[in-house]
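Quick note: the coordinates plus some simple rules give every number you see, no bench work behind them. Because the structure is a prediction, the values reported are computed rather than measured. Note that we place each Cβ from the backbone using ideal geometry, even for glycine, and neighbour counts take in every protein chain shown.
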Amino acid sequence: MIPLHDYLAFLSIVTLIVVSPGANLFLLLQATPAQGRVTGVLMTLGFCAAIISHATLALIGVGALVAASVTLFTIIKFVGAAYLIWLGVKAFRVALTKTPLASQAKDCQTLPRISQRQAFVRGYLTNILNPKPAIFYVAAFPQFLSAGGTDYWLGGLGLGASHALIALFFYGMVVVTLHRVAEWLRKPWVWKSIQGISGLVFLLIGGRLLISRSPA
């Protein structure tokens, strides 16, 4: 059983991680006004599923293996960076597309629609391909879990589920807010700005991931 003060400390840490601007937030900002609330919710569920995956992998030792292996860390790092850079390039292409002013207002509504499955997978990949959460779980779990046995698994999955619920609440609120102001966000200059800023953020995060070093 995890002591209450340890549990509250863990919640404080993961809450700060969730609310800090990053790839998840900008993915929602980029997609929700154009694709709709359902797409945003499914991406959020993808984030949450990735959090549970990170927790589970950490519990069975895969997270520690990634943290300890330069080769595995490098492979995941390059795959994750390539994916984020791909998202950034796509966003920049939309932002820099020269279209007549009359048609710009419909740009975000005429983009290729993504399926519900694609929305979930895109949210999942954005989170799971980042080795940073795996390192966080490797570093954080030993401070909050028992050495072994049933309490280890129940406690670990409970912490992962708590993290996922915080993410669900926060990003769910983001989706609701974006949906309410979607009409304003779809204005030509706003839409182009969102795509440009999102593209820059994805490129910066992807570039930062490329130069990150393994903790091993």
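In table form, for the structure just shown:
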| read-out | value |
| --- | --- |
| Val62 paired with Ala82, simple spin-label distance in nm, labels 7 Å along Cα-to-beta-carbon | 1.9 |
| Contact order normalised by residue count of the chain, Cα under 8 Å, 6+ apart, percent | 46 |
| Theoretical gain in end-to-end length, Val89 to Trp184 [0.36 nm per residue, Cα-Cα removed] | 31.8 nm |
| Tilt relative to the chain, helix 70-96 - C-alpha long axis, 0 to 90 degrees, to 10 | 20 |
| Förster-model FRET efficiency, 35 Å R0, Arg208 and Arg37, C-beta, rounded to 0.05 | 0.70 |
| Theoretical ellipticity at 222 nm over the chain - DSSP helices of four or more residues, -39500 (n - 2.57) apiece, nearest 500 | -27000 deg cm²/dmol |
| Nearest-ten-degree value, helix 116-128 long axis tilted from longest Cα axis of the chain | 50 |
| Angle between the chain longest axis and helix 23-35 axis [Cα atoms, degrees, rounded to 10] | 40 |
| Most positive-pole-ward Cα, Val79, Pro133, His163, against dipole of the chain from beta carbon charges | Val79 |
